[in-house]
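Written below as structure tokens is the structure these notes are about.
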Amino acid sequence: MRELDHIGIPTQVIQPDEIYLEGAKVFVTDYSKNSNKIEWLRFEDDSPFPELIQSTAHIAYRVDDLKAQMEGKKVLVEPFAADESLTIAFIEEEGAPIELMQFA
């Protein structure tokens, strides 16, 4: 099961209240505070994220079973713990990045 959570859009424009994710070398906004559920992402030049994620908007879904949703898909970013209650991965579908989010 997939449930739409938010849309992530790469930008070069500094956004109000950005949060810096040091390991990913990216500034993000809190999409839960955006009326359109948009997460703005501003990547540093040496960010380890794949170019497709840095240059193309992504759709993020909440999923019940991350591994099942990844099965047979092109994996862009392997699962990682965003925090103690959230695991995230990125796959590619239809040429676009898809974020999968599994909450504990």
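The values are calculated or read from the model by the stated rules, or taken from the named source; none is laboratory data. It should be emphasised that the depicted structure is a prediction, and the values quoted were computed from it without experimental measurement. Note that we place each Cβ from the backbone using ideal geometry, even for glycine, and neighbour counts take in every protein chain shown. Each accessible area value is taken on the protein alone, full model and side chains, heavy atoms only, with ligands, DNA and RNA left out. Shrake-Rupley method; radii C 1.70, N 1.55, O 1.52, S 1.80 Å.
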Checklist outcome for this item: Residue pairs within 9 Å by beta carbon, gap of at least six or interchain, first lying in segment 2-13 and over 17 Å from residue 87 (Cβ atoms) and free of Cβ contacts under 8 Å to residues at least 60 places away in the same chain, second part of a strand (DSSP E or B) and among the hydroxyl-bearing types (Ser, Thr, Tyr), listed first then second, are 4/61
Checklist entry - Does segment 35-76 hold any residues that are closer than 21 Å to residue 23 by Cβ, touching a helix residue (DSSP H, G or I) at 6+ places or on another chain (Cβ under 9 Å) and open to solvent by 50 Å² or more (accessible area, probe 1.4 Å), and which are they? => result 40
Checklist entry - Looking only at segment 27-48, which residues are assigned to a strand (DSSP E or B) and within 27 Å of residue 71 (Cβ to Cβ)? => result 39, 41
Checklist outcome for this item: Reported set for segment 6-28 where residues are of a type in the set (A, V, I, L, M) and modelled with pLDDT under 95 is 21, 24
Checklist entry - Which of the residues spanning segment 3-26 are assigned to a loop (DSSP other than H, G, I, E, B) and more than 20 Å from residue 79 (Cα to Cα)? => result 11, 12, 13, 14, 15, 16, 17, 18
